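Please treat every number below as a calculation from the coordinates, not as lab data. Here the structure is a predicted model, which means the values were calculated and not measured. Don't worry about glycine lacking a Cβ; one is built from the backbone with ideal geometry, like all the others, and counts go over all protein chains shown.
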Amino acid sequence: MIAARHILLPAALLGALAWAAGARADSHDVSYAPGIDFRLLKTFSIRAGQIASDKPEIDNRLFRQRLEDSIAAALRARGLQQATDGADVIVTYSFGETDVSKVERLAPTRIPPSSGARGFVIPGSGPTPVLSTEGTLVVDLDDAHGALLWRGTWRDQEKSGPRLSRNLSEDARKLLAEFPPKRR
Amino acid sequence: MLKKIAYGGSGRAVLAILLLMASAAPAGAADQVVDFDRQIDFSAVRTFSMHGSAIHSDRPEIRSTLVVDGVAASIRAALVSHGLREVADNADVSVDWSAGGQRFTINEWGNAIPLDEEPGGMPVPRGNPWRNNPESFVDGLLVVDLTRSGQLVWRGVYRSREQSSGNLAHQLPDYARRLLASYPPRRR
């Protein structure tokens, strides 16, 4: 009889692998102009952003509305007020996406892993094509003269366009959670 | 398929779970997203009219009046079930929809090669050696738009992977039903 620990450990590993395969792959970066006291910035306004996508779930005014609402809510949560004109900070955003194709191969798995023991082998699989969409969201905060004060970049790779569309407004919120930059 | 080295009877159930987990790894599962105008009170929308439709595919299975009629009937049924009434003129919202499928072939190295030219995408080059390969799967797409005074107020996008263009043609009415199950949008 196979000991429970010989089954449960590989099971947990396989589960983690399966989860990781479907997990979101996000990365982000924030940079800002040195010597700026961001605490002095009290108001913001949002300019129409640029969206470079031919996906109908992204290239439409409702998506823009949702993204801008998310940006505005995130900045309000950081203590800034939205202003129609004369704002301290002008927010612009841009978004682009590209389809990504890769090939996955799964090696055979022996359970338990030691070759001498009784157990099973789950044969490997593949090559299997895996298609996904990688989106890049850039949020810029400029001063009234157009000088860049703060830039956040968020890369999000998702299995489907609808999932990317759903997550982008949340991505914007998480990106702006790093504003204002912490003083060192 | 599971290859047995030596039989351990008590492992059967756990192995079944393992296989289930492995097969549950995402492989182009169906997905959808709905966006809507937050300024619109959708409970006040009472009537609709079917406006336009488009099929972005040259496959005869998909580019067919049967598919057009099937999707339109599915949209009508869904909206009527939500209390809306179809009218010919002066509707509160107009319904437009489009459907399409991007076909892929899988080459000998496992790469997915698109067989169709996407609008705005890269065309399949003439010299592409896989250009005439048979389709391995199709990424299906259905977009349903509700517009009011020419302005988009609700959009649902449904994507799913199908084994063939024929399968996609049969599934499109169901895509519409699933998309409109989330109509009217709930205000947050």
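Quick notes
- Considered as an equivalent ellipsoid built on the Cα gyration tensor, the stretch A:103-159 has semi-axes of 50, 14, 6 Å, the largest given first.
- Student exercise, the stretch A:62-179 dipole from Lys, Arg, Asp, Glu Cβ charges, in Debye to nearest 20: 920 debye
- For chain A, the calculated P(r) over all alpha carbon pairs, in 5 Å bins from 0 to the bin holding the longest distance, is 1, 7, 14, 15, 13, 10, 9, 7, 6, 6, 5, 4, 2, 1, 0, 0 percent.
- Put a plus charge on the Cβ of each Lys and Arg, a minus charge on the Cβ of each Asp and Glu, and nothing anywhere else: the dipole of the stretch A:21-102 about its Cα centre is then about 240 debye.
- The 3J(HN,Hα) values that the Karplus relation (6.51, -1.76, 1.60; θ = phi - 60°) gives for the stretch A:110-127 are, in residue order, 9, 10, x, x, 6, 6, x, 7, 6, x, 9, 10, 8, x, x, 9, x, x Hz. Gly and Pro appear as x.
- Taking chain A as a Gaussian network of alpha-carbon nodes connected by springs under 10 Å, the highest mean-square fluctuation of the residues A:GLU170, A:GLU68, A:GLU104 belongs to A:GLU104.
- 15 Å Cα-Cα reach of A:LYS174 towards aspartates and glutamates, excluding residues that sit fewer than 8 places from it in its own chain: A:ASP26, A:ASP29, A:GLU68, A:ASP69, A:ASP140, A:ASP156
- Highest GNM mean-square fluctuation among A:VAL30, A:VAL121, A:VAL89, for chain A modelled with Cα contacts below 10 Å: A:VAL121.
- Projecting the Cα atoms of A:THR153, A:SER125, A:LEU164 onto the charge dipole of the stretch A:65-166 (Cβ charges, centred on the Cα centre) puts A:SER125 farthest toward the positive pole.
- Amide H contacts of B:ARG161 (H built 1.01 Å from N, under 5 Å, at least 5 apart or other chain): B:ALA30, B:GLY140
- Hz values of 3J(HN,Hα) by residue in the stretch A:38-49 - Karplus curve (6.51, -1.76, 1.60), Gly and Pro given as x: 5, 5, 7, 7, 10, 10, 9, 9, 10, 9, 4, x
- Estimated vicinal HN-Hα couplings, Hz - the stretch A:130-144 in sequence order (Karplus 6.51, -1.76, 1.60; Gly, Pro = x): 10, 9, 8, 10, 10, x, 10, 9, 10, 10, 10, 10, 10, 7, 5
- Dimensionless Rg over Rh [the stretch B:35-94; C-alpha; Kirkwood]: 1.06
- Cα gyration tensor category, rounded, prolate or oblate, for the stretch A:35-111 with a/c compared to 1.5: prolate
- Rounded to 10°, Cα long-axis angle of helix A:4-22 versus longest principal axis of chain A: 40 degrees
- Largest to smallest principal axis extent of the C-alpha atoms in the stretch B:93-178, angstrom: 49, 25, 16
- DSSP beta bridges in the stretch A:33-143 [antiparallel fraction, %, rounded to 5]: 70 percent
- Cβ-placed point charges (K, R +1; D, E -1), dipole of the stretch B:43-173 about Cα centre in debye, nearest 20: 180 debye
- Fewest-first ordering of B:ASP89, B:ASP41, A:ASP142 by other beta carbons within 10 Å of each residue's beta carbon gives B:ASP89, B:ASP41, A:ASP142.
- For B:SER136, distant residues with modelled amide H under 5 Å away: B:PHE104, B:THR105, B:ILE106
- For A:LEU149, the residues 5 or more places off, or on other chains, whose built amide H falls under 5 Å of its own are A:LEU141, A:ASP142, A:ASP143.
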